[in-house]
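Engineer: The structure is given below, and queries will be raised subsequently.
Just so you know, all these numbers are worked out from the coordinates, no wet-lab data involved. Just so you know, these numbers come straight off a predicted model, no measurement behind them. Note that we place each Cβ from the backbone using ideal geometry, even for glycine, and neighbour counts take in every protein chain shown.
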Amino acid sequence: MCQQTCQNPPPNSCSFYRTCAEATLPCGSDGYALNFGEYFCNKFTTNIGKFTPAGKSWVTSVMTCLQKSLIPILTCDPTCSSIKTGAFASHTPCYANAGICHLAIDDWKVISAIVGMDSHTYDDFNQIFAQMAGTGGACIPTIFSGFESEIGQLVQELTQVIKDAAEVIKAPRICLSCCGHL
């Protein structure tokens, strides 16, 4: 953990999980570092071309955040269990702080495809479900904010329609000679 690349993981690299986390405390192929961190980091890196520019930026931010969040855990008498618990606890804040709530639907589709239920996620289903719920909860203010602006726009449009209708009602009726009445 004293290496510069362990104290400050380089962006867009997954080497931290093997050369820093696993090297500090070998938890093996079933441990968080190799089985989850490195595994999904590699999946995101491999699929980076499928993201929008904002999505690519999000992936880079999340990768960096997730790796940096492990540094204090790895330097303070770590156990395989504390690494896994601490790592999972960092996921939702890293996703939210990197801006997941503002990503385009196309980016959400890529994320869903990458994180889709596979053999790696079955073992950690409860923690993944908690992350999904936490991330969704973190996005609620953003979602409602979007609704507020849409509702505000709708109210403005309806107000204008009502004003236009009132003007039509107030307008004098023209007597049409062919009809003989108003």
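Engineer: Go through the stretch 57-63 residue by residue and turn each phi into a ³J(HN,Hα) via Karplus (6.51, -1.76, 1.60, θ = phi - 60°); whole Hz please, and just put x for glycine and proline.
Structural biologist: Rounded to whole hertz, the list is 4, 4, 4, 4, 4, 5, 4.
Engineer: Calculate, for SER15 and THR52, the FRET efficiency according to 1/(1 + (r/R0)^6) with r their C-beta to C-beta distance and R0 35 Å; round to the nearest 0.05.
Structural biologist: 0.85
Engineer: With a 10 Å Cβ neighbour count serving as the proxy for reagent exposure, in which order, fewest first, do LEU103, LEU70, LEU34 appear?
Structural biologist: In order of increasing Cβ crowding within 10 Å: LEU34, LEU103, LEU70.
Engineer: For a quick check: sort VAL62, VAL115 by the number of other beta carbons within 10 angstrom, fewest at the front.
Structural biologist: Placing the least packed residue first, the sequence is VAL115, VAL62.
Engineer: For the cross-link pairs LYS56/LYS109; LYS43/LYS68; LYS43/LYS109; LYS56/LYS84, which exceed 22 Å when the distance is taken from alpha carbon to alpha carbon?
Structural biologist: LYS56/LYS84
Engineer: Further question on the same structure: Evaluate the distance, in nm, between pseudo-label points positioned 7 Å from the Cα of VAL161 and of SER29 along their respective Cα→Cβ axes.
Structural biologist: That separation, rounded to one decimal, is 6.2 nm.
Engineer: Show me, for the stretch 96-108, the HN-Hα J-couplings you get by feeding each phi into the Karplus relation (A = 6.51, B = -1.76, C = 1.60, θ = phi - 60°), rounded to Hz, glycine and proline as x.
Structural biologist: Per-residue couplings from phi come out as 5, 5, 7, x, 4, 5, 9, 6, 5, 4, 4, 5, 4 Hz.
Engineer: For the stretch 74-91, in order, what is each residue's ³J(HN,Hα) by Karplus, 6.51 cos²θ - 1.76 cosθ + 1.60 with θ = phi - 60°, in whole Hz (x at glycine and Pro)?
Structural biologist: 6, 9, 10, 6, x, 10, 4, 5, 5, 5, 5, 4, x, 5, 5, 5, 7, 4
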